[in-house]
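These notes concern the structure reproduced below.
The values are calculated or read from the model by the stated rules, or taken from the named source; none is laboratory data. Bear in mind the structure is a predicted one, so any value in this text is a computation, not a measurement. Using ideal geometry, Cβ is built from the backbone for each residue, glycine included, and neighbour counts are taken over all protein chains shown. Accessible surface areas use protein heavy atoms only, side chains included; no ligands, DNA or RNA. Shrake-Rupley method; radii C 1.70, N 1.55, O 1.52, S 1.80 Å.
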Amino acid sequence: MQLQTITHQTIALAGVAQAAALVQQLATTGTADSAAMEASIGSVLKIDADTVIEVYGSLAGLQLGFGHLKQQMTNYKIANAEQARYSASLVFLENQLSKQPKMLKTISEGIEKAQLQVEHFGLLHDNVLANLADIYSNTASKLQPKIMVNGESDYLTNPHIADKIRACLLAGIRSVTLWRQCGGTRWKFLFYRKKIQTELEKLLKQV
């Protein structure tokens with residue numbers, strides 16, 4: 001399977017944008033788009049998917065991400081500075097994480113446990129989200145600089161919402177990993193901006 005195409009890179013970038021959007025939604029409103037949550041959290045558990053789309057279940061599952069990615073890339077002025085910061089931080093963290101074999105082993109073992117939990121409880125059950133949040137806390141969260149999430153203190157201090165936020169950050173790292181596996185790099189993101197925008201329009205028509 002040829003993964004290193006602009007199409008696959010754009011899909012993975014939408015995954016990153018979606019994770020950032022979900023983090024912001026949860027931190028500022030306490031709730032999040034349920035279809036997007038399913039696709040993003042599900043992507044963490046899809047380690048052996050045959051296609052990039054399969055990682056997210058379907059293109060429809062990335063509708064939120066496609067919309068936010070388009071918003072961020074249409075103007076030269078950043079449309080949502082908070083989301084852009086989360087996305088950039090996720091790219092940086094994933095790069096650091098890729099050099100930490102012990103942490104990668106911890107993530108792999110945690111994901112195996114989460115896969116078993118999903119069979120018993122369902123994908124968005126509190127137990128599954130708490131486990132994914134723990135994985136994030138014990139790995140990526142220990143690296144510097146930490147991602148500082150801004151929002152309403154009532155939501156940020158609520159354990160269930162905090163777990164969802166951390167699980168979404170882990171999903172964001174999963175999407176960055178996928179983007180890199182598809183040949184994505186920072187310079188390509190800068191220089192292929194027009195190509196990515198064109199691809200986004202095509203993909204949005206398929207959603």
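When only the Cβ of Lys, Arg, Asp and Glu is charged (+1, +1, -1, -1), the dipole of the chain relative to its Cα centre reaches about 1020 debye. Using a Gaussian network model of the chain in which every pair of alpha carbons under 10 angstrom is joined by a spring, one finds that among THR177, THR28, THR74 the greatest mean-square fluctuation is at THR74. Pairs of Lys residues in the stretch 67-161 are counted when their Cα atoms are under 29 angstrom apart and they lie 8 or more places apart or on different chains; the count is 13.
Which percent of the accessible area of the chain is formed by carbon and sulfur heavy atoms (probe 1.4 angstrom)? Carbon and sulfur atoms account for 53 percent of the accessible area of the chain.
A rounded overall shape is assigned to the chain, the ratio a/c of its alpha-carbon gyration tensor axes (a ≥ b ≥ c) being less than 1.5. Surface exposure of the chain, expressed per residue as accessible area with a 1.4 Å probe, stands at 50 Å². With the highest mean first, a sort of the peptides 111-117, 58-64 on other beta-carbon atoms found within 10 angstrom per residue produces 58-64, 111-117.
A dipole drawn for the chain from +1 and -1 charges on Cβ atoms has a positive end, and of SER58, PHE92, SER40 the residue lying farthest that way is PHE92.
Helical content alone sets the calculated 222 nm signal of the chain at -23500 deg cm²/dmol, taking -39,500 (n - 2.57) per DSSP H segment of four or more residues and averaging over every residue.
In terms of accessible area, using a 1.4 Å probe and ignoring ligands and nucleic acids, ASP33, ASP50 rank largest first as ASP50, ASP33. The stretch 127-207: which trypsin sites (Lys or Arg not before Pro) are DSSP loop and have at most 14 other beta-carbon atoms within 10 angstrom? Answer in residue order: LYS146. Comparing TYR155, THR177, TRP187 along the charge dipole axis of the stretch 151-207, the residue lying farthest to the positive side is TRP187, per the Cβ-charge model. Cβ-Cβ distance of THR51 and GLN96, R₀ of 45 Å, FRET efficiency by 1/(1 + (r/R0)^6): the value works out to about 0.95. When only Cα pairs below 8 angstrom with a gap of at least 6 residues are kept, the stretch 72-166 shows a relative contact order of 28 percent. The packing ranking, built from the mean of other Cβ atoms within 10 Å per residue, places the peptides 5-15, 39-49 in the order 5-15, 39-49, highest first. In a DSSP loop and with at most 12 other Cβ atoms within 10 Å, the chymotrypsin sites (Phe, Trp or Tyr not before Pro) in the stretch 11-104 are TYR76. Using C-alpha pairs below 8 Å separated by at least 6 residues, the relative contact order for the chain is 38 percent.
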